[in-house]
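Colleague: The structure that follows is given in the form of structure tokens.
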Amino acid sequence: MKRATLFFLALIGGLFIYASFDLPPVGDHQSPAAVHVSPRYIESAYEETGTRNMVVAVLADYRSFDTLGEVLVIVIAGLAIVSILSARGPHCPLDDH
Amino acid sequence: MHSGFGGIVLNIAFRFLLPFILVFAVAVLMHGHHSPGGGFQAGALLGLAVILVQLVQGRDAKWVGRREAVTLSCAGALIYLGIGTLSFFWGGNFLDYGVVPVEATAAKARALGILGIEVGVTLAVMGVTIIMFDSLTRERREE
């Protein structure tokens, strides 16, 4: 079982490495993302959102679903910290030692 | 951590430091449209201010306690979700602030919506940083 897991991990890793040879080089201004999405943000971010800081416009307007997920993850982590570290009582595993 | 480690020098110095930290945090939040900044950074600064008070003056300085911090962080997430939901009432998609008729143009309404959700992010990050500090330094309560 362990050997089969290792085999499949190596296979998938090899596929990833093989696929990475077809990625555009880092910083390539002719890559599909740079010729399709980025110019739209750079040219029309101020007219569409009234925000000069393009990073904020992308973060909080175009990609606001992503930021919503980040905020929810942070809040859930905080609630988990509170509920774990403030647990008391006879069955609390943190109180054993 | 019941009593802070602040001597008289720290205790006087942080009183001069604290208003500047708070004003800088609000400036980072409100000016995030035009300069580097935004909700996450402003939340970290506000959380830092509260943590600084608790470090210097000890846990007796109940400025923002754990209960208030939980309320703050949840209120921040709810502000974000509420502003996102607001555009449903004018026929827009979720988080599509441009359709809400609060400003003359859609771009200005979007700028206002961005500011609103940044306030939500700020409150959430501030609450969570205070929660982490408060939970980790809390003394074990005796049975």
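The values are calculated or read from the model by the stated rules, or taken from the named source; none is laboratory data. No experiment lies behind these values; they were computed from the predicted model shown. For neighbour counting, all protein chains shown are included, and Cβ atoms are generated from backbone atoms with ideal geometry for every residue, glycine included.
Colleague: Test B:I83 against the criterion of being in contact with a Leu (Cβ under 9 Å, 6 or more places away or on another chain) and either surrounded by fewer than 15 Cβ atoms within 10 Å (Cβ to Cβ) or facing chain A (nearest Cβ under 7 Å) (or both), and give yes or no.
Modeller: no
Colleague: Criterion first (hydrophobic (A, V, I, L, M, F, W, C), in a loop (DSSP other than H, G, I, E, B) and within 12 Å of another protein chain (Cβ to nearest Cβ)) does B:A109 satisfy it?
Modeller: Answer is no for this residue.
Colleague: Of all residues in region B:73-91, count the ones that are over 20 Å from the mean Cα position of the chain (by Cα) and part of a helix (DSSP H, G or I).
Modeller: Number satisfying all stated conditions: 6.
Colleague: How many residues are facing another protein chain (nearest Cβ under 7 Å) and not aliphatic (A, V, I, L, M) when one looks only at region A:41-64?
Modeller: 9
Colleague: Can I ask one more? Identify the single condition in (1) at pLDDT below 90; (2) within 7 Å of chain A (Cβ to nearest Cβ); (3) surrounded by 24 or more Cβ atoms within 10 Å (Cβ to Cβ) that B:G127 does not satisfy, given that it satisfies every other one.
Modeller: (1)
Colleague: Among the listed residues B:V64, B:V70, which satisfies the condition of being under 14 Å from the mean Cα position of the chain (by Cα), assigned to a loop (DSSP other than H, G, I, E, B) and in contact (Cβ under 8 Å) with a residue 24 or more places away in the chain?
Modeller: Among B:V64, B:V70, only B:V64 is under 14 Å from the mean Cα position of the chain (by Cα), assigned to a loop (DSSP other than H, G, I, E, B) and in contact (Cβ under 8 Å) with a residue 24 or more places away in the chain.
Colleague: Condition check: at pLDDT below 90, loosely packed, with under 14 Cβ neighbours inside 10 Å and more than 23 Å from A:A80 (Cβ to Cβ). Does B:V9 satisfy that?
Modeller: Answer is yes for this residue.
Colleague: Among helices (runs of 4 or more DSSP H) lying entirely in region A:1-73, which contain 3 or more residues that are more than 21 Å from the chain's Cα centre (by Cα)?
Modeller: A:2-20, A:38-49
Colleague: Mind counting the residues in region B:35-79 that are within 13 Å of chain A (Cβ to nearest Cβ) and of a type in the set (S, T, N, Q)?
Modeller: Final tally of qualifying residues: 4.
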